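**Q** Below is the structure I would like to discuss, written out as structure tokens.
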Amino acid sequence: LANRLIWLPEDIESMAKNWQHFAMSHDLTIQVCVSAALARGVTDADNATRHQLQGDNLADGFELVGLGELAMHLHSAKTVYQF
């Protein structure tokens with residue numbers, strides 16, 4: 001979902017756009033595991049440079065984060081939803 005280069009025909013709903021709209025409406029950032037993203041060819045500009053990739057393709061509203069970020073949020077969260 002975090003790949004901004006995915007193209008869909010008009011008759012197929014874009015889950016990425018739905019998430020972007022949701023995040024913008026609630027002032028949220030959609031956090032994506034950096035390792036999983038890179039393994040699937042999704043990267044931001046910083047990681048593209050670090051790993052000598054030819055470009056970035058992370059969609060607006062998405063952010064690549066590592067396990068440290070997840071651990072920090074889990075430590076302070078009262079509720080965790082996983083899907």
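The values are calculated or read from the model by the stated rules, or taken from the named source; none is laboratory data. Predicted model, so just to flag it, every value in this text is computed and none were measured. Cβ coordinates were reconstructed from backbone atoms using ideal geometry, including for glycine residues, and neighbour counts include every protein chain displayed. Surface areas here come from the heavy atoms of the whole protein model, side chains and all, with no ligands, DNA or RNA. Shrake-Rupley method; radii C 1.70, N 1.55, O 1.52, S 1.80 Å.
**Q** When the residues of region 67-83 are narrowed to those that are outside any helix (DSSP H, G or I) and not aromatic (Phe, Trp, Tyr), which ends up nearest to Ala36 (Cα to Cα)?
**A** Gln82
**Q** Would you please name the residue that is modelled with the lowest pLDDT, looking only at residues in region 1-51 that are among the acidic types (Asp, Glu) and under 22 Å from Met72 (Cβ atoms)?
**A** Asp27
**Q** Step by step: first the residues of region 41-66, then only those that are in a loop (DSSP other than H, G, I, E, B) and among the polar types (S, T, N, Q), then the one that is surrounded by the most Cβ atoms within 10 Å (Cβ to Cβ). Which residue is that?
**A** Ranking the qualifying residues of region 41-66, first place goes to Thr43.
**Q** Residue by residue through region 2-37, note down the ones that are closer than 28 Å to His51 by Cα, open to solvent by less than 70 Å² (accessible area, probe 1.4 Å) and part of a loop (DSSP other than H, G, I, E, B).
**A** Ala2
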